[in-house]
Each structure stands twice: as structure tokens, then as C-alpha cells.
Amino acid sequence: MTDGIIFDVDGTLWDSTEIVAKAWNRVIAKETNLAPDLTGDRLKGLFGKTLPDIAAILFSDFEKQRQLELIDHCCMEEHRALLADPAEIYPGLSEVLPLLAMHCPLFIVSNCQAGYIEVFLQGTGLGCYFTDHLCPGDTGEAKAANIRTIVQKHHLRSPIYVGDTDGDHQACLEAGVPFVHAAYGFGKTENPDYIIRHPMDLPDLFLIQKK
């Protein structure tokens, strides 16, 4: 019986890539000599990686410290943009989250910067459905360690993790938590424990597990 559901954010709960690309392009145009040509599609291939890794890819012409400064500025600009104009959540989530929250606590663990999950919760109005959340920006730890922390902190015996990338899957393998692949999201993976093709598939999976 599932006693906790842990979610990724990008590609699982919402798609913020177009808004984020525009925000990051503003920083790139203002603070570098690089072409401000990021697109949402390119970010979909990068989201799921840690921010230092994304910075190393996007700002490879710069020293590491400058890479981190630039990605930090990008994140601050995206927070402003997303609070002013939140990205849309995936269809069905506004119905499925309250249904799931009636049966077990919900959590978020994402490879994002500090404050991003809070922006998601505030911008979407979905904060009331989630019990706790963690990210590397909060803890300095990678996704697998943060999943384990949530499991231990809340004494979960049979949690599942819902994410969309192979990185999510690998973190679940490391953390020892079953992985539900949100196949409607950004990425692909091999041999997940479960697959959902729409957020509304999740209650059926949960009910099956309860039997």
C-alpha cells in the first residue's frame, strides 16, 4: 500500500520551459556576449540535470565561478517571471492532486534551486496538497539523497516517486524507491516500475496498489 507519493516538478507537474527560456535569454543578453537564443525545447533536454551541470553546458566559455553566477541570475529572473505569469500545470492535475492527498501525503523532490518549488506552489495555488519538499538548493544534496531524506523524515514505508526523466529513474534506483515514469513529460527511460501517460492515470495506479 502506497503511503506517500513524491513528485518531480518540471515535466511532471508543469512545463515552465518557454517562460524560463525567455527569462534566461534576458539575462544572457544583458550579462554576456552570447546569443540569447535559448528555446523551451532546448531546456526540456537540460531540465532534470543539476544547475551547475546546466550552467557548464550553457556557459562553457566562462570560468566555473562565472557560470554559477550567471545561472543564479537566470534563476532569480525566472522566479520573477513565473510569479508574475505562472506556467500552466498539466491537464488533470488540479483534479488528481486533491484526490491523492485524501489517501496519502504528497511531496516534491526536484533538482532545482532554492525557492523554485515555492514559486511553483505559490504560483499554482497547489501548496495545500503537499506536505513537504526538498531540492539541492535547500540541502546541497542530489536527488537520491533528498528522496531518502523525505522517506526517513516522514517514516514512509511504501512510497513511490513520479518523474519524467532517466535521471529521476536513476535517483529512484539509488534511493530504493519505485519509479513511476510520467511519459507525457520531457524524457524517456528504460524499464520503469510503472508508466502513466496522463496525470489522471495516477489514481488508478494508486488504487491498484491498495488492493
The FRET efficiency for residue 153 and residue 193, from their Cβ-Cβ distance with R0 = 25 Å and rounded to 0.05, is 0.65
Among 57, 147, 160, residue whose mean-square fluctuation peaks in a GNM of the chain (springs only between Cα atoms under 10 Å):
57
In the chain, how many lysine pairs have Cα atoms under 24 Å apart, counting only pairs 8 or more places apart or on different chains?
16
As I understand it, the value is the acute angle between the Cα axis of helix 64-84 and the longest principal axis of the Cα atoms of the chain; what does it come to in degrees, rounded to 10?
60
Quick one: putting +1 on the C-beta of Lys and Arg, -1 on the C-beta of Asp and Glu, what dipole do you get for the chain around its Cα centre, in Debye to the nearest 20?
340
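Per the 1.4 Å probe, what fraction of the accessible area of segment 1-46, in percent, lies on carbon and sulfur atoms?
Carbon and sulfur: 51 percent of the exposed surface of segment 1-46.
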Quick check: the angle from helix 143-153's long axis to the longest principal axis of the chain, C-alpha only, nearest 10 degrees?
40
If one takes the longest principal axis of the Cα atoms in the chain, at what angle in degrees, from 0 to 90 and to the nearest 10, does the Cα axis of helix 166-175 lie?
50
For segment 70-211, what % of the accessible area comes from carbon and sulfur atoms, probe 1.4 Å?
51
Between residue 204 and residue 76, what is the label-to-label distance in nm when each label sits 7 Å out along the Cα-to-Cβ direction?
4.7
Residues whose built amide H sits under 5 Å from the amide H of residue 6, excluding neighbours closer than 5 in sequence, are 107, 160, 161, 162
Taking a quarter of the surface of the Cα convex hull of segment 103-211, what do you get in nm²?
6.9
Ignoring ligands, DNA and RNA, what accessible area per residue does segment 1-124 give at 1.4 Å, in Å²?
44
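What number, in percent, do you get for the relative contact order of the chain if the mean sequence gap of Cα pairs under 8 Å and at least 6 apart is divided by its residue count?
In percent, rounded to a whole number, it is 27.
The values are calculated or read from the model by the stated rules, or taken from the named source; none is laboratory data. This structure is a prediction, so every number in the text was calculated from the model and none was measured. Positions of Cβ are generated from backbone atoms using ideal geometry, with glycine treated the same way; all protein chains shown enter the neighbour counts. SASA here: full protein model, heavy atoms, side chains in, ligands and nucleic acids out. Shrake-Rupley method; radii C 1.70, N 1.55, O 1.52, S 1.80 Å.
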